[in-house]
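Q: Before I ask anything, here is the structure I am working with.
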Amino acid sequence: MLVDSPPEQRADSVSAPPTRRALRAVGLLVSVLILVVVAMASIAIGAKQLSMGEVWHGLFESSGTYGDVVVGDRISRTVLGLLAGAALGLAGAVLQALTRNPLADPGLLGINAGASAAVVTAITFFGVTSLSGYVWFAFLGAAAVGAMVWFLGGSRGATPVRLALAGTAISAALYGYLQAVMIMDNAALNKMRFWTVGSLTSATDSTIKQVLPFLVVGMVLALALARPLNAMEMGDDTAKALGANLNRTRVLSMLAATVLCGAATAACGPIVFVGLMVPHVVRSFTGPDLRWILPYAAVLSPVLLLGADVLGRIVARPSELQVGIVTAILGGPVFIFLVRRRRTAQL
């Protein structure tokens, strides 16, 4: 069920006073600094605790010691967390604006389900066993579902409600298929078990290089959609009056979300709640202007993802809890709180 934003919250904050704009800019700078601290913690904290001196040595003065090797492995993991977090946050913010549902996330339109189903198919029927193979199947699955949702949602006549309903229906069907295949094929179940929980542990330079072009294109496209999405949040009639091309904006929004979610899911597996929590929380202090929501989401979503990854290493040391499990544990109560708060506000 869609939850529409109150009209006053959908107003574009173009005329925000200079003081508020300055506060937003300062807040964004502080968010970047927090991200740097969390990224350093991601490199330093793990089964083997490293001092900041060892981290510095591994970053800039590598000599092949054990600590340097650990730093090298964790750098790839941290970079992938930065990219995937930003991608999921931007995709969530775009989809919340597109569907006018502040509780929407990338799973609403079935994109995560499409990527997961494609990976199961690759393992079971094509014998794909490497992460480099998963990447392309996951991305194609996400793209195929994105296109299917668009056409089932009405194509040029698509509305937020139709898109959400089409995505929900396709997600249910694909997750049923996914469970059926894994139950019938033990080999597929064993291979998929690790990927489906969502993890950064398999990050490599090769994986990052494969998904990086898609992530860059998706991020640039998402950020460029801020103004037309601002207009659409005020309603279709108002957006048309302001000169927004509704069909083009919806197509490009779907494309941006599909590319971002597909690439992130391909590299890390399906990670839930990041795309829901961060844009929703960001909106509470930036206001409804997507020109601020999108940059904030791109910075703070990696903070959440890397922070959850670090927490997973601490609570289960010397082993670790996968980041997808940690975000699910954190996200469930947060989601309930957000729903209850919004329902209370509407009473």
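The values are calculated or read from the model by the stated rules, or taken from the named source; none is laboratory data. Not measured: the values here are computed from a predicted model. FYI the Cβ positions are ideal-geometry reconstructions off the backbone, even for glycines, and counts take in every protein chain you see. Note: areas computed on protein heavy atoms with side chains; ligands, DNA, RNA excluded. Shrake-Rupley method; radii C 1.70, N 1.55, O 1.52, S 1.80 Å.
Q: Quick check on residue 254: is it closer than 28 Å to residue 328 by Cα, in contact with a Phe, Trp or Tyr (Cβ under 7 Å, 6 or more places away or on another chain) and either in a helix (DSSP H, G or I) or among the polar types (S, T, N, Q) (or both)?
A: On the way: closer than 28 Å to residue 328 by Cα: yes; in contact with a Phe, Trp or Tyr (Cβ under 7 Å, 6 or more places away or on another chain): yes; either in a helix (DSSP H, G or I) or among the polar types (S, T, N, Q) (or both): yes.
So residue 254 fits the description; yes.
Q: Let me ask something else. Contact list please: Cβ distance under 9 Å, first residue in region 79-100 and within 11 Å of residue 280 (Cα to Cα), second residue open to solvent by 10 Å² or more (accessible area, probe 1.4 Å) and charged (D, E, K, R), pairs at least six apart or on different chains.
A: Correct list of pairs: 92/105; 93/283; 96/105; 96/283; 97/233.
Q: Considering only residues that are of a type in the set (Val, Ile, Thr) and part of a helix (DSSP H, G or I), look in region 111-139 and name the one that is nearest to residue 149 (Cα to Cα).
A: 111
Q: What helices (runs of 4 or more DSSP H), lying completely within region 149-249, carry at least 3 residues that are open to solvent by 40 Å² or more (accessible area, probe 1.4 Å), modelled with pLDDT of 85 or more and within 25 Å of residue 136 (Cα to Cα)? First the steps, then the outcome.
A: Numbers: elements: 160-184, 186-196, 205-224, 226-232, 236-241.
Those helices (runs of 4 or more DSSP H) span 160-184, 205-224.
Q: Could you tell me how many of the residues in region 267-312 are open to solvent by 10 Å² or more (accessible area, probe 1.4 Å) and part of a helix (DSSP H, G or I)?
A: The total comes to 18.
Q: If you take just the helices (runs of 4 or more DSSP H) that sit entirely in region 1-84, which of them hold at least 3 residues that are of a type outside the set (Lys, Arg) and either at pLDDT 85 or above or within 30 Å of residue 263 (Cβ to Cβ) (or both)?
A: 18-44, 52-60
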